[in-house]
Amino acid sequence: MVVYIDLIFLANLFIDAVLLMVTAWMRKIRPVWWRLMASAGIGAMYVVMMFVPELSFLFTFLIKLALSVIMLLVAFGFGSMQKYLRTMGAFYMINFVAAGGILGMHYFLQNTGELFNGIWYTASGGMSFELKIAFWFILCAFGGVMLFFRIVQSSKQRTERMSGFLGQVQVWIGQDHIECTGLLDTGNQLYDPLTRTPVMIMEAALWESYLPASWLRKCSEGNADQLVMELGDGDESFSWQDRVRLVPYRGINRSHSFMLALKPDRVEVVMNGIHFVHHRVLIGLDGGTLSAEGKYRAIIHPDVTAQEEGSADTNQKRDAHFSEHFTESG
């Protein structure tokens, strides 16, 4: 059997470097490149030692654990015990994900004959598996698994960051009210130009049972100005005619249009345990879907959370919370 030590060293150098980089990304650490490569070199040299019979005593659990400790110290330093243990936990988790992903992909691509040819039984009745994975398959599968892991983790982190800006919204008009989850958009600067009333945005589908039948279709087509002109014509009349407003706005393509809006009696928002009540607000109706994943169905205007039912101390508590959240996200 011919063993190409140089290929084995380079492959493991690449794999260890990627594992360390993903660990740094997951722990939000900016590694020094030469320290990271030195750490990966230590791990690659350890694998090469497998082919030296005199060094077989190195391949024990304690030695392997000590090696991972040294690799992380070289790559990221120590800092504090808590920080170091979290980095080690992330490093081992990523290693297990990579190994499990490669094995899973290997068995997924095997056919029945190949799978059973690799299974054999011992004299004592035990069952063993013969594992043969091609060198290039390991590299390709490893790259795919790490890419998929990073995509999943990025999606999870985005969801966690977004959750701090989600709140429960209740809109009251007389005795009727609509409830949904809303997203606080600090960049939302939509106001009624005449009264300077802030405009929240909600999916028009939430108001389906209260609006005339043809309104949802026309809202989705962007013909809100036509709806107002049709008020009072036969079946298009309804009891909230005096609450209907037209709000001009500028779209993404810089074109001007109009949004149909309703004037509610009050809007209540509960966000991060804080209760906000606002009486001077308009509800703009959007004919589409605000979140493709359905996480929220309203866009909360920042002015709605600027005043809330309670004292000024609670406002300070709210500001401190969002300031802390922005700091952690950054």
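Structure notes:
- Selected residue (criterion: modelled with the highest pLDDT) from residues of region 203-218 that are touching a strand residue (DSSP E or B) at 6+ places or on another chain (Cβ under 7 Å) and open to solvent by 20 Å² or more (accessible area, probe 1.4 Å): Leu206
- Ala11, sole failed condition from (1) at pLDDT below 85; (2) open to solvent by 30 Å² or more (accessible area, probe 1.4 Å); (3) within 33 Å of the chain's Cα centre (by Cα); (4) under 21 Å from Gly143 (Cβ atoms): (2)
- Of all residues in region 32-69, those that are aliphatic (A, V, I, L, M) and closer than 12 Å to Asp16 by Cα total 8.
- Tally of residues being part of a loop (DSSP other than H, G, I, E, B) and surrounded by 14 or more Cβ atoms within 10 Å (Cβ to Cβ) across region 261-304: 11
- Close Cβ contacts (under 7 Å, 6 or more residues apart or on different chains) running from residues in region 38-67 that are open to solvent by less than 40 Å² (accessible area, probe 1.4 Å) to residues that are in a helix (DSSP H, G or I) and hydroxyl-bearing (Ser, Thr, Tyr) comprise Leu67/Tyr46.
The values are calculated or read from the model by the stated rules, or taken from the named source; none is laboratory data. For clarity, every value in this text was computed on a predicted model and none was experimentally measured. Glycine also receives a Cβ, built like all others from the backbone with ideal geometry; neighbour counts cover every protein chain displayed. Side chains are part of the model used for accessible areas, which takes the heavy atoms of the whole protein and leaves out ligands, DNA and RNA. Shrake-Rupley method; radii C 1.70, N 1.55, O 1.52, S 1.80 Å.
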